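Nothing in this text is a laboratory measurement; each read-out follows from the coordinates by a stated rule. From a predicted model like this one, the values you see are computed outputs, not experimental measurements. Glycine gets a Cβ as well: all are built from the backbone with ideal geometry, and neighbour counts include every protein chain shown.
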Amino acid sequence: MSIDFYTNPMSRGQIVRWMLEEVGVPYTQHIIDYSVMGSDSYGAINPMRKVPAIVHDHKLVTECAAICAYLADVFPQAGLGPRDEEKADYYRWLFFAAGPVEQAVTNHANGWDPAPERGRMFGYGSYDRAMETLAAHFEKNEYVCGDRFTAADIYVGSQVLWGTQFETMPKLPAFEAYANRLSGREAYKRGKEIDGKLIAEMQSKQEADA
C-alpha cells in the first residue's frame, strides 16, 4: 500500500512530512510548484488545487489534520493514535486547532478581528479567547493528550511552532515550552532537513533562471 505525497516545501506540507517521518513508512514525494498547482492536471488529484495531499491505497486524503488522523489510524503500529482515555482531548484539540485557531490566527494576521458584538457569529469568538483557551491546556499538560505525544501534537504543534516563530501567535511561556518539546523530536528534525534542502534547491534554481 504505497503513499504518494503531494507537497511543496514552502507550504503546510511540512506538517504532513513530519507526520510521515513519525510514522516511519516509505512514501513517494511529488513536489508541486506553485506555478502549476492551479492546473487541471493537479486539480484531477486535489480539486482544491492546493497541497498537501496524499493518495494511499488509491484513496485521496486532503487537509493536514485529516491526513494526520488518517495516518495514525491506518498505521497503528506507530503508536500515534489516541488510547480510549485520550480520545476526548485528542479530538477536541485537533479540531479546535483546525477550526477556531486556524481561523482566528489567519484573520488576525490579516488585520481583521470580529467586533465584540459579532463574536458569536464566528467559530472562535475572538483571537484572544482562542489563544488563551489553547495556552491554558498547555499550562497543565505537556502534550495534547497529557504526557504522551500523539498525531494531534503534529497538527496542533505545527500551529504553535509556526505561530510563535512568525509572531502570528503570542509567545506565551506555555506555547514556547510546548514548541521546544516538539522541535527536539528526531522525526521533526528529519522533516525540516528534507524540506530545508528542497527549499534551498528551489531558490538556487530561481536565482540561476533569473
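A Gaussian network model of the chain, with springs between Cα atoms under 10 Å, assigns the largest mean-square fluctuation among 121, 37, 19 to 121. Listed values for segment 140-145 are Karplus-derived 3J(HN,Hα) couplings in whole Hz (6.51 cos²θ - 1.76 cosθ + 1.60, θ = phi - 60°), namely 10, 9, 6, 9, 4, 9, and x replaces Gly and Pro. Here the Karplus relation 6.51 cos²θ - 1.76 cosθ + 1.60, evaluated at θ = phi - 60°, turns the backbone of segment 179-190 into coupling constants of 4, 5, 5, 6, 5, x, 6, 5, 5, 4, 5, 4 Hz, with x for every Gly and Pro. Using θ = phi - 60° in the Karplus curve 6.51 cos²θ - 1.76 cosθ + 1.60, the 3J(HN,Hα) couplings for segment 85-92 round to 6, 9, 4, 4, 5, 4, 6, 4 Hz; x is entered for Gly and Pro.
Once each of the chymotrypsin sites (Phe, Trp or Tyr not before Pro) sitting in a DSSP loop with at most 12 other beta-carbon atoms within 10 Å is removed, the chain keeps 35-111 as its longest stretch.
I'm checking a number: the convex hull volume of the Cα atoms of segment 84-187, normalised per residue, in Å³. What is it?
Details: hull volume 10.0 nm³, N = 104.
With only Cα atoms used, segment 84-187 gives 97 Å³ per residue.
Find, among the GluC sites (Glu not before Pro) in segment 96-198, those assigned to loop by DSSP (not H, G, I, E, B) with at most 13 other beta-carbon atoms within 10 angstrom. Those satisfying the criteria are 167. Rounded to the nearest 10 degrees, the angle from helix 64-74 to the longest Cα principal axis of the chain is 80 degrees. Distances between every pair of Cα atoms in segment 1-111, grouped in 10 Å steps from 0 to the bin holding the largest one, split as 13, 41, 34, 11, 1 percent.
Determine the calculated [θ] at 222 nm for the chain from helices alone, applying -39500 (n - 2.57) to every DSSP H run no shorter than 4 residues and normalising by the residue count; nearest 500 deg cm²/dmol. Each step should come with its number before you reach the end.
Values: 9 runs with 108 residues, N = 210.
-16000 deg cm²/dmol, from helical runs alone.
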